[in-house]
Ligand SMILES: Nc1ncnc2c1ncn2[C@@H]1O[C@H](COP(=O)(O)OP(=O)(O)OP(=O)(O)O)[C@@H](O)[C@H]1O
Ligand SMILES: C[C@@](O)(CCOP(=O)(O)O)CC(=O)O
């Protein structure tokens, strides 16, 4: 298999997507806490994008990586900046984000486009599962979201709204079944995958 530089073949690749402030980082961080960072690596496709963008524009990378209002000021321009690179090479950020990942369970926290899903499914057809995180607009607003034209109606937010068969859908709302309850089957799958990896890698 043509693996990214320095990576181990993953046993399970959970590819998460969801609208802004649906709670993708919150949910994926919780999964990593449950599984431990030895077993579960979080991959952010926007990580290498923000790193390069911050460097070229003299911006604060930590704030671009965080969940506050700072990154929202630059979001539209970052989307445009990233899209010019994706146009030449749709797998560009997927390849960079997967470099050097050695844990058996990969959690991709921020897929946004069909090309992102296609990249993981083509590299890891047996391991890849797609997870959607959803929340109502009301809840997202309470978390700081407000509709922004050119962002919330563009591919970055709507590219996976249709045409995708998700393996799992997590409803991240106050009145939904508890997050831990919903995550249970995914965690079980990840635990099984990591235990088979400790056998095959030992
Ligand atoms: N179930 C929850 N309980 C409490 N707070 C939550 C929950 N889910 C998300 N949040 C909070 O809502 C905010 C947005 O969540 P998060 O950053 O995970 O969303 P996101 O989908 O990754 O957003 P973005 O697309 O902007 O990166 C954060 O402050 C997070 O802590
Ligand atoms: C520029 C972009 O990567 C920002 C993603 O930021 P976040 O995952 O919402 O923190 C979105 C995109 O690539 O379309």
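Quick notes
- Length released on extending from residue 63 to residue 29, taking residue separation times 0.36 nm less the Cα-Cα span: 10.5 nm
- Burial ordering of 141, 78, fewest other beta-carbon atoms within 10 Å first: 141, 78
- Put the Cα centre of region 1-39 next to the Cα centre of region 95-166 and the gap is 11 Å.
- Sorted fewest first by neighbouring Cβ atoms within 10 angstrom, 14, 126, 160, 189 come out as 126, 189, 160, 14.
- Relative contact order, percent, the chain [alpha-carbon distance under 8 Å, six or more residues apart]: 36 percent
- Cα gyration tensor shape of region 98-154, rounded if a/c is under 1.5, else prolate or oblate by comparing a/b with b/c: prolate
- Sorted by Cβ density within 10 Å, fewest first, the residues 173, 38, 11: 38, 173, 11
- Pairwise label distance in nanometres, residue 126 with residue 87, each label 7 Å out on the Cα-Cβ vector: 3.9 nm
- Ratio of Rg to Rh for region 26-70: 1.08 [Cα atoms; Kirkwood radius as inverse mean 1/r over pairs].
Every number in this text was worked out from the coordinates using simple rules, so none of it is lab data. Since we're looking at a predicted model, the values are computed, not measured. FYI the Cβ positions are ideal-geometry reconstructions off the backbone, even for glycines, and counts take in every protein chain you see.
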